[in-house]
Amino acid sequence: MCLIVFAWRPGHAQPLIVAANRDEFHARPSLPLGHWDDAPQVVAGRDLQAGGTWMGVTTDGRFAALTNIRAPGAPLGERSRGELPERFLRGAQSPAHYLQELTGNLGQYSGFNLLVGNLTELWYLNSKEATPRALSPGVYGLSNAALDTPWPKLLSTRSALEACLGAPERDRLLEIMSDSRPAADAELPTTGISHEMEKLLSSAFIASPDYGTRAITLLVRRADGSMSMTERRFDAKGVTGETEIDLPSTTAEPAKVSG
């Protein structure tokens, strides 16, 4: 993933809402959102080059999502970052335990941000900061720097998500993440790449012949643990497909909610 905006609201009727864009080279093969054949409890897209994922859930309420940290010239890690959300989704460790254990192996990976959670907790790890932390309720944005770094596309999509939380309808969330307007030159971040690339990558939705937004993924989790997911996929020419998956509640009793 290269852009994730999300609302974490424990105790609310919809405690977790996520809208995310995966930006990648069009030539890199992947499988669409779905249950994995070798791990049916996992619902995620799948990278066919390295085998991991960028965002997914499990049928019992685990959630994980990843973004890369933009660091031109930094040495590449020996292991694929896509295995980080995959391992959490396949496993049974608590979010805190999983991230704490991971901090001893950060040197094996290129820079990353990782979100992991379950029905009651949501945790965040930035590999440069190397300190896992539980997230308090709020609306957040995550791109290719630290959490809530004020890049223009993060600010605009996070604000748009916050404005529609009263009725976070699928079409509105897709519209938010489909914004292809680049940032003004004066607002571009400086991350060590060319001005042309900063401009291209400054929009929430990226379109170019070789590299761009490959998928928009939406997740709405309800208080009883049931979830709805949408994935709209793209190539350089436009939309190539869409998948919608509804997962039933696996909790014994509905949680008490507000809102």
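Quick look at the numbers
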read-out: Quotient of C-alpha Rg and 2.2 N^0.38 Å, computed over segment 85-137; value: 1.06
read-out: Globularity index of segment 42-113, i.e. its alpha-carbon radius of gyration over 2.2 N^0.38 Å; value: 1.10
read-out: Cα convex hull volume per residue for segment 3-247 (Å³); value: 119 Å³
read-out: Percent of C-alpha pairs per 5 Å bin, segment 199-244, short to long; value: 5, 20, 21, 18, 14, 9, 7, 4, 1
read-out: Solvent-accessible area per residue, Å², over segment 1-112 with all protein chains present [probe radius 1.4 Å]; value: 38 Å²
read-out: Rg to Rh quotient for segment 126-259, alpha carbon positions, Kirkwood Rh; value: 1.00
read-out: Local electrostatic count at residue 44 - Lys and Arg +1, Asp and Glu -1, tallied over other residues with Cβ under 13 Å; value: -1
read-out: Radius, Kirkwood style, for segment 7-134 when every pair of distinct Cα atoms is counted (Å); value: 15.2 Å
read-out: All aspartates and glutamates inside 15 Å of residue 237 as judged from Cα atoms, apart from same-chain residues fewer than 8 positions distant; value: 23, 24, 210
read-out: Ranked order, 237, 153, 128 - accessible area, probe 1.4 Å, largest first; value: 237, 128, 153
read-out: Within a Gaussian network of the chain (alpha carbon springs, distance under 10 Å), most fluctuating of 145, 50, 186; value: 186
read-out: Theoretical ellipticity at 222 nm over the chain - DSSP helices of four or more residues, -39500 (n - 2.57) apiece, nearest 500; value: -4500 deg cm²/dmol
read-out: Size descriptor, Kirkwood hydrodynamic radius, that averages inverse alpha-carbon separations across segment 126-202, Å; value: 14.2 Å
read-out: Residue 164/residue 76 FRET efficiency (R0 30 Å; Cβ-Cβ; nearest 0.05); value: 0.20
read-out: Most to least accessible of 162, 78 (protein chains only, probe 1.4 Å); value: 78, 162
read-out: Alpha-carbon centroid distance for the pair segment 30-97 / segment 101-158, whole angstrom; value: 14 Å
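The values are calculated or read from the model by the stated rules, or taken from the named source; none is laboratory data. Note that the coordinates shown come from a computational prediction; the quantities given were computed from them, not determined experimentally. No Cβ is skipped: glycine too gets one built from the backbone with ideal geometry, and neighbour counts run over all protein chains shown. With ligands, DNA and RNA removed, areas are computed over all heavy atoms of the protein, side chains included. Shrake-Rupley method; radii C 1.70, N 1.55, O 1.52, S 1.80 Å.
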